[in-house]
Amino acid sequence: MILEARDLTKRFPWGRTFTGARAWVRAVEGVSLEVAEGDTLALVGESGSGKTTTGRILAGLEAPTSGEVRYRGRALSALTGGAWREFRYGVQMVFQDSQASLNPRKTVAQILEVALSARGVAAGTRRDTAAQLLVEVGLEPPAVFLGRFPHQLSGGQRQRINVARSLAADPSVIIADEPVSALDLSVRAQILVLMQRLQRQRGVGYLFISHDLAVVRSVARRVAVMYLGRIVEEGPTEAVFDRPVHPYTEALLSATPVPNPRLARMRKRIILQGDVPSPVAPPPGCPFHPRCPIAQEICRREPPPLVDAGRGQTALCHFA
Ligand code: SF4
């Protein structure tokens, strides 16, 4: 396994309660997951569910409050010197905001050459390697793009540059945080096809963070659903989409548009009551119980166990 998270938690300070005790935002609670070579794990959930914080911890951009991240079997906390550098290059991130991710004062050539120089590519070969990367991400002829600044590119072209920059580090894993959410539908499809092609050619693993279930279904082999900082269901994409076992997953899927109008009419829409509770004071027992359509008394009292639902699916639910 290239990248693993084991029982991660992340808390951010959030002022004080009326009794004077320190309050914490519980952004991530007991998250464990694995990203394998050449594979795609999608992390889905509403905004504020803890997906991005989990991704940032896995990329080494945030330290967990507890738990552990392992890269190629070794805990990040134990990596130093060359082993830490190997991790920093081996795990790259692609962000949603393609504009903010690129230095507006640098040309595409300079942006890519900085990334190549950090990896130790010789100065004399950086320009040629940058051109090859542009060809790899479909920006041809490269000579046209090397001299451009980010503001002279479209959103889709900028996201291709972000992908090219991450490839400059020759990564094993790319953590893509809503990489296509800000793009038009047609450009979105092109970037997804590009990412899938690069995975086939380079064997790179993806942690694909998204709130868009239709996109997730088209790219991921496995999917993990997050709610209030926890993974509430995980399993093979087909199994989770065809037979969700957690009521939250079922509600999320019931709100996803279906292209077939006949199927759309037949489908039962599950409307969740209320808002997502505050991560500063999550409800006791199962944190989903105030909104769960099938909650029972035990759900208000006891945290649910992780249940093996078969077909490789697991869920945090007393009744999965
Ligand atoms: Fe609903 Fe209870 Fe399952 Fe939580 S444990 S998802 S409240 S049924």
Look at R188 and say whether it is among the basic types (K, R) and modelled with pLDDT of 95 or more. no
Enumerate the pairs (first residue in region 31-44 and without any contact (Cβ under 8 Å) to a residue 40 or more places away in the chain; second residue anywhere and among the aliphatic types (A, V, I, L, M)) with beta-carbon separation below 8 Å, excluding pairs fewer than 6 apart on the same chain, so at least 6 apart or on different chains. E34/M1; E34/L3; E34/A5; E34/L41
Would you confirm whether any residue within region 155-162 is touching a Ser or Thr at 6+ places or on another chain (Cβ under 9 Å), open to solvent by less than 50 Å² (accessible area, probe 1.4 Å) and not in a helix (DSSP H, G or I)? no
Residue among T53, T40 that alone is within 30 Å of P279 (Cα to Cα), β-branched (V, I, T) and out of contact with any helix residue (DSSP H, G or I) (no Cβ under 8 Å at 6 or more places or on another chain): T53
Would you point out the residue of region 226-243, among those that are at pLDDT 95 or above and in a loop (DSSP other than H, G, I, E, B), that is nearest to the ligand (Cβ to nearest atom)? L228
Is it the case that V215 is among the β-branched types (V, I, T), open to solvent by 30 Å² or more (accessible area, probe 1.4 Å) and out of contact with any strand residue (DSSP E or B) (no Cβ under 6 Å at 6 or more places or on another chain)? no
Tell me the residue from E34, E4, E29 that is more than 24 Å from G274 (Cα to Cα), assigned to a strand (DSSP E or B) and open to solvent by less than 60 Å² (accessible area, probe 1.4 Å), please. E4
Within region 68-99, which residues are hydrophobic (A, V, I, L, M, F, W, C) and either touching a residue at least 12 places away in the same chain (Cβ under 8 Å) or open to solvent by 60 Å² or more (accessible area, probe 1.4 Å) (or both)? V69, L76, A78, W84, F87, V91, M93, V94, F95
Checking R70 against (1) in a strand (DSSP E or B); (2) closer than 20 Å to V163 by Cβ: exactly one of these is not met. Which one? (2)
Need the failing condition index for A320 against (1) modelled with pLDDT under 95; (2) of a type in the set (G, A, S); (3) under 22 Å from T9 (Cβ atoms), just the number. (3)
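Can you name the residue in region 251-283 that is outside any loop (DSSP other than H, G, I, E, B) and surrounded by 18 or more Cβ atoms within 10 Å (Cβ to Cβ) and, of all such residues, is farthest from the ligand (Cβ to nearest atom)?
We begin by selecting, within region 251-283, every residue outside any loop (DSSP other than H, G, I, E, B); these are 251-254, 261-266.
Now drop any that are not surrounded by 18 or more Cβ atoms within 10 Å (Cβ to Cβ), which leaves 251-253.
Details: A251: 10, L252: 13, L253: 15 Å.
Step by step, filter region 251-283, then rank; the result is L253.
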Among I294, I298, the single one that is β-branched (V, I, T), in a loop (DSSP other than H, G, I, E, B) and surrounded by fewer than 14 Cβ atoms within 10 Å (Cβ to Cβ) is I294
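Could we say that A315 is in a loop (DSSP other than H, G, I, E, B) and in contact with a His (Cβ under 8 Å, 6 or more places away or on another chain) here?
Values: in a loop (DSSP other than H, G, I, E, B): no; in contact with a His (Cβ under 8 Å, 6 or more places away or on another chain): yes.
It is false that A315 is in a loop (DSSP other than H, G, I, E, B) and in contact with a His (Cβ under 8 Å, 6 or more places away or on another chain).
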Does region 249-257 include one or more residues that are modelled with pLDDT of 95 or more and touching an Asp or Glu at 6+ places or on another chain (Cβ under 8 Å)? yes
Identify all residues within region 129-141 that are open to solvent by 60 Å² or more (accessible area, probe 1.4 Å) and closer than 15 Å to A169 by Cα; write none if there are none. Q132
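Based on what the data block shows, is A42 in a helix (DSSP H, G or I), of a type in the set (A, V, I, L, M) and at negative phi? If you could, list the steps in order and put the result at the bottom.
On the way: in a helix (DSSP H, G or I): no; of a type in the set (A, V, I, L, M): yes; at negative phi: yes.
No; evaluated as a whole, the condition is false for this residue.
Quickly run through region 100-120 and pick out the residues that are out of contact with any Lys or Arg (no Cβ under 7 Å at 6 or more places or on another chain), touching a residue at least 40 places away in the same chain (Cβ under 8 Å) and not in a helix (DSSP H, G or I). Working first, answer last.
The first filter runs over region 100-120 and keeps only residues out of contact with any Lys or Arg (no Cβ under 7 Å at 6 or more places or on another chain), leaving 100-101, 103-106, 110, 114, 118-120.
Then drop every residue that is not touching a residue at least 40 places away in the same chain (Cβ under 8 Å), which leaves 101, 103-106, 118-119.
Listed by number, the residues that qualify are S101, N103, P104, R105, K106, R119.
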I'm checking my understanding of the structure. Among residues of region 284-319 that are free of Cβ contacts under 8 Å to residues at least 12 places away in the same chain and not hydrophobic (A, V, I, L, M, F, W, C), which one is nearest to the ligand (Cβ to nearest atom)? H289
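The values are calculated or read from the model by the stated rules, or taken from the named source; none is laboratory data. Just so we're clear, the structure is a prediction, and the values are computed from it rather than from any experiment. Note that we place each Cβ from the backbone using ideal geometry, even for glycine, and neighbour counts take in every protein chain shown. Heads up: the accessible areas ignore ligands, DNA and RNA and are worked out on the full protein's heavy atoms, side chains in. Shrake-Rupley method; radii C 1.70, N 1.55, O 1.52, S 1.80 Å.
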